[in-house]
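Have a look at the structure below before the remarks.
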Amino acid sequence: MTAMNSENGVSRRNFLSGVLALSMGAAAMGLTGCGAPRSLEEEAAQTTIDGGEYDIIVVGSGGAGMAATVGAVDQGAKVLLLEKMPVAGGNTCFAEGGMNACCTRYQKEAGIEDSVDLMSSDTYEGGHEKGNMELIRHMCEGSSDAIDWLASMGIVLSKLGTSGGASVKRIHRPESGEAVGKYIVKGMTEQCRQRGVSAVCNTKVEEILMDDGKVAGVRATNPNGLPIEYRCKALIVATGGFGANKEMLAQYRPELRDAVTTNQPGTQGDGIVFSTAVGADTVDIDQIQVHPTVEQTTATLLSENIRGDGAILVNTDGVRFTNELLTRDRVSEAEWAQPGRGAFAVFDKSVHDNNLSIEEKFVARNLIHVADNFSDLANLMGVPEEAFVATVTSYNDNIANGIDDPMGRTKSLNPLATPPYYALPVAPGVHHCMGGLRVNAAAEVLDANGDAIPGLFAAGEVTGGIHGGNRLGGNAVCDINVNGRQAQETACKYVFGE
């Protein structure tokens, strides 16, 4: 998807020429007004471009926004997709792990027994029992169908894995081992292209326009920095959270203001701001997740898949200190309690080969230690050699002899047995906003009284209520696909009727 320099054929040059003509005509009639004459740019900035009318406008071209766009176009809606960044994808581009889903054909083929009840229970308990069970069950019930919907478009997530907080293998990944986010964005961008939809990039929505209490459009700033208005019957907000907005982080969780963030720079909470301005309510807005395995110098995320495939965490003393597959908040807390408030993620070649992003993100950039034996690896890490070798040897021996893991790990107990071996310094970083706009299971945005705001819908990280006090790895990708589709489904019914 590429940025458009104009909308409906209104180029900057033609527009400014029109302003110039109007200014010259006014001057000829002595209508220059009081004070100093305004410049051409000042005249242009005070004139709003008419961007046209649409059935549905989608704000944000991440996973939720593109799922909504594709679904709405397939139902015959005239859709406009707006994106403030230069490229499409949003935070979805940085999703590493996979997509949680239950009762899928891939689970059945692998003999894995799962259920909506079990996935809902895992999500609710993983969120410290703060999530909205209606929203949770809706996501879980729609997860298998979302996997099939993606597969029908060639976006196949058939490789199963384990993530923290999940009772069974339900995280679905590309067979190639590539990061799930870029894989989905690439596929969904192509689906939008096939439907003749391109994101209008570098266009920031500033305000929702209302008419008689109903959504009527948006006011935005176009790629040339000029005001533009688009009219619509329904608006879907899919702008993501505010994990890159230091001021909002300081407002709700001041202790996280200076933490590194895995979020892309555009994740500024815009959708929350312009939606609350028209009466939208919020929920769990102070619930902000930190991810335990972030490389601190570059804020690059080490996927939860790495631990799910067998990696362990050791501290600067060279010893393990936690069950690596606990929920993200608990692993982060355990890391903060260690010397230096961080750890090393340690794994072998088999884990490396199962996750293509490791080579590109860490090895190629010389961010990770690599050695053919544990003694050499310890020296590169700067940890006590004897303690580290004993830690890994004991871990491998316990697995070989069927001895219970002293840290309580019961899943993905894969020995570190295939050289070379890898160790990456990691620590927690701001990763996901669990709170956001209050919505119901139909993706309608609600006001403080719990009433739906006519014509306003939302999906993805901009919303709150599903994840409660902690999001399980894999649930965000599930959320954007299930609820991105739900938002357009409800919006189309609103626009066209049942």
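The values are calculated or read from the model by the stated rules, or taken from the named source; none is laboratory data. Note that this is a predicted model, so its numbers are computed, not measured. Note that each Cβ is placed from the backbone with ideal geometry, even for glycine, and that neighbours are counted across all protein chains shown. Accessible surface is based on the protein model in full, side chains and every heavy atom, while ligands, DNA and RNA are left aside. Shrake-Rupley method; radii C 1.70, N 1.55, O 1.52, S 1.80 Å.
What about Ile184, is it touching a helix residue (DSSP H, G or I) at 6+ places or on another chain (Cβ under 8 Å), buried (at least 21 other Cβ atoms within 10 Å of the Cβ), closer than 22 Å to Ser152 by Cβ and touching a residue at least 24 places away in the same chain (Cβ under 8 Å)? So Ile184 passes the test. Scanning the range 103-150 for residues that are basic (Lys, Arg) and more than 23 Å from Ala67 (Cα to Cα), we see that the one that is least open to solvent (accessible area, probe 1.4 Å) is Lys130.
Specify which of the listed residues (Ser394, Ser375) is without any contact (Cβ under 8 Å) to a residue 60 or more places away in the chain, in contact with an Asp or Glu (Cβ under 6 Å, 6 or more places away or on another chain) and not in a strand (DSSP E or B).
So the residue among Ser394, Ser375 that is without any contact (Cβ under 8 Å) to a residue 60 or more places away in the chain, in contact with an Asp or Glu (Cβ under 6 Å, 6 or more places away or on another chain) and not in a strand (DSSP E or B) is Ser375.
Scanning the range 79-101 for residues that are part of a strand (DSSP E or B) and either under 17 Å from Gly161 (Cβ atoms) or touching a Leu at 6+ places or on another chain (Cβ under 6 Å) (or both) returns Met99, Asn100.
Looking at Thr418, Thr490, just one residue is in contact with a strand residue (DSSP E or B) (Cβ under 8 Å, 6 or more places away or on another chain), surrounded by fewer than 24 Cβ atoms within 10 Å (Cβ to Cβ), closer than 15 Å to Ala64 by Cα and among the polar types (S, T, N, Q), and that residue is Thr490.
Considering the conditions (1) under 30 Å from Thr322 (Cα atoms); (2) assigned to a helix (DSSP H, G or I), Gly429 is excluded by exactly one of them, (2).
Rundown of residues vs (1) modelled with pLDDT of 95 or more; (2) not in a strand (DSSP E or B), yes/no style:
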position: Gly240; (1), (2): yes, yes
position: Ile272; (1), (2): yes, yes
position: Val278; (1), (2): yes, yes
position: Thr293; (1), (2): yes, no
position: Gly308; (1), (2): no, yes
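Just one of the numbered conditions (1) assigned to a helix (DSSP H, G or I); (2) surrounded by fewer than 17 Cβ atoms within 10 Å (Cβ to Cβ) is not true of Ala442: (1). Here the condition is being among the polar types (S, T, N, Q), outside any strand (DSSP E or B) and closer than 26 Å to Lys159 by Cβ; of Gln264, Gln289, it holds for Gln264 alone. Scanning the range 349-364 for residues that are in contact with a Gly (Cβ under 6 Å, 6 or more places away or on another chain) and open to solvent by less than 10 Å² (accessible area, probe 1.4 Å) turns up Val351, Asn355.
Residues that are open to solvent by 30 Å² or more (accessible area, probe 1.4 Å) and either within 28 Å of the chain's Cα centre (by Cα) or aromatic (Phe, Trp, Tyr) (or both) within the range 300-348 comprise Phe321, Leu326, Arg330, Glu333, Trp336, Ala337, Arg341, listed in sequence order.
Checking each residue in the range 89-111 for being out of contact with any strand residue (DSSP E or B) (no Cβ under 7 Å at 6 or more places or on another chain) and not polar (S, T, N, Q) picks out Gly89, Gly90, Cys93, Ala95, Cys102, Cys103, Arg105, Lys108, Glu109, Gly111.
When we screen Ala378, Ala400 for residues that are out of contact with any strand residue (DSSP E or B) (no Cβ under 8 Å at 6 or more places or on another chain), of a type in the set (A, V, I, L, M, F, W, C), more than 24 Å from Ser176 (Cβ to Cβ) and surrounded by fewer than 16 Cβ atoms within 10 Å (Cβ to Cβ), the only hit is Ala400. Beta carbons closer than 8 Å, at least 6 apart along the sequence or on distinct chains, pair a first residue in the range 188-210 that is of a type in the set (Lys, Arg) with a second that is open to solvent by 60 Å² or more (accessible area, probe 1.4 Å) for Arg195/Asp74.
Quick check on the range 102-125. Is at least one of its residues part of a loop (DSSP other than H, G, I, E, B), under 21 Å from the mean Cα position of the chain (by Cα), within 28 Å of Gln289 (Cα to Cα) and not basic (Lys, Arg)? Within the range 102-125, one or more residues are part of a loop (DSSP other than H, G, I, E, B), under 21 Å from the mean Cα position of the chain (by Cα), within 28 Å of Gln289 (Cα to Cα) and not basic (Lys, Arg). On inspection, Ile403 fails the criterion of being closer than 30 Å to Val58 by Cβ, modelled with pLDDT of 95 or more and assigned to a loop (DSSP other than H, G, I, E, B).
For every residue, the table says whether it meets (1) among the small types (Gly, Ala, Ser); (2) closer than 18 Å to Val370 by Cα.
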site	(1), (2)
Ala387	yes, no
Asn398	no, no
Asn401	no, no
Pro415	no, yes
Tyr421	no, yes
